[in-house]
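Right, one structure below, let's go through it.
The values are calculated or read from the model by the stated rules, or taken from the named source; none is laboratory data. Here the structure is a predicted model, which means the values were calculated and not measured. Note: ideal-geometry Cβ built from the backbone for every residue, glycine included; neighbour counts use all protein chains shown. What goes into the accessible areas is simple: the full protein's heavy atoms, side chains included, and nothing from ligands, DNA or RNA. Shrake-Rupley method; radii C 1.70, N 1.55, O 1.52, S 1.80 Å.
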Amino acid sequence: MSIDQASWESAVQHLYEDGFAFIATGPRKHEDWQADVLAVMERAVPDPRGWTGLDPIAHERTAEHPAVPFCRPAFRDDPARPLTPADVGERLYEIDRASAENLLLALTDDGCTLRNLERFSESFDELQEMARTILGRYGDTFTCHSNLGQARRTGKLDFGGKPMGWTPMTFYGEDCGLVVVSDTEVGLFWAFGDI
């Protein structure tokens, strides 16, 4: 599936305009893609294609905390310590493509649930096509990773079951996300709930 800038940006804007989400893509420069994820979190790299994502709290970024809101180390560690590639790797679990499509839709608002879709006028199939458009940017061979607990156990996400829980990456009371890793890019799609 070949995706152009206008269709990708339109899908991102439509799905996430009413939510509280961070959407950004950066270049993949390392075999250890977790380092590239940190560069995107820290806003240290531009989108390699110049496409527009979403960053509702860029203004809160400081020299001490360039990755705001992604600045939460493991609970046992010093809370002032920034995230490392190892932290990212410990918090993300690979998921299948179908789960990634549904997760993109669940991230449209807080709660990380497909019930968020009730506010859209489009059908589920139309919304799922927007999710496919978003993923289409990353080509045919990419991997998807999430911090949702169910991913750790099964590699699949079932949005019809019990709440999944998540491994925190931020200081927000809820933070659920998806990382898409291709040979050339890493994309972050993250939604936040209350502090």
Q. How far apart, in nm, are two points set 7 Å out from the Cα along the Cα-to-Cβ line at SER121 and at ALA44?
A. 4.4
Q.
Just to verify a number: FRET efficiency for ALA98 and THR62, C-beta to C-beta distance, R0 = 35 Å, to 0.05?
A. 0.35
Q: First measure r as the distance between the Cβ atoms of THR154 and ARG132, then evaluate 1/(1 + (r/R0)^6) with R0 = 25 Å and state the FRET efficiency to the nearest 0.05.
A: 0.70
Q) Taking Cα pairs under 8 Å and at least six residues apart, what relative contact order does the chain come out at, in percent? A) 30
Q) Long-range amide H contacts for ASP175: which residues qualify at under 5 Å (H placed 1.01 Å from N, peptide plane, sequence gap of 5 or more or a different chain)? A) GLY193
Q) Over segment 88-191, what relative contact order in percent results from Cα pairs under 8 Å that are six or more residues apart? A) 35
Q.
Considering only C-alpha atoms, what is the centroid distance from segment 1-55 to segment 126-195, in Å?
A. 13
Q. How far is it, in nm, from the label point at ASP183 to the one at SER7 when both lie 7 Å from their Cα along the line to the Cβ?
A. 2.1
Q. Taking springs between alpha-carbon atoms closer than 10 angstrom, which of PRO163, PRO27, PRO69 fluctuates most in the Gaussian network model of the chain?
A. PRO163
Q. Counting only heavy atoms of protein chains, what accessible area per residue, in Å², does the chain have with a probe of 1.4 Å?
A. 47
Q.
Taking the Kirkwood radius as the inverse of the mean 1/r across Cα pairs, report the Rg/Rh of the chain.
A. 0.93
Q. In segment 92-195, what percent of the accessible surface is made up of carbon and sulfur (1.4 Å probe, ligands and nucleic acids excluded)?
A. 48
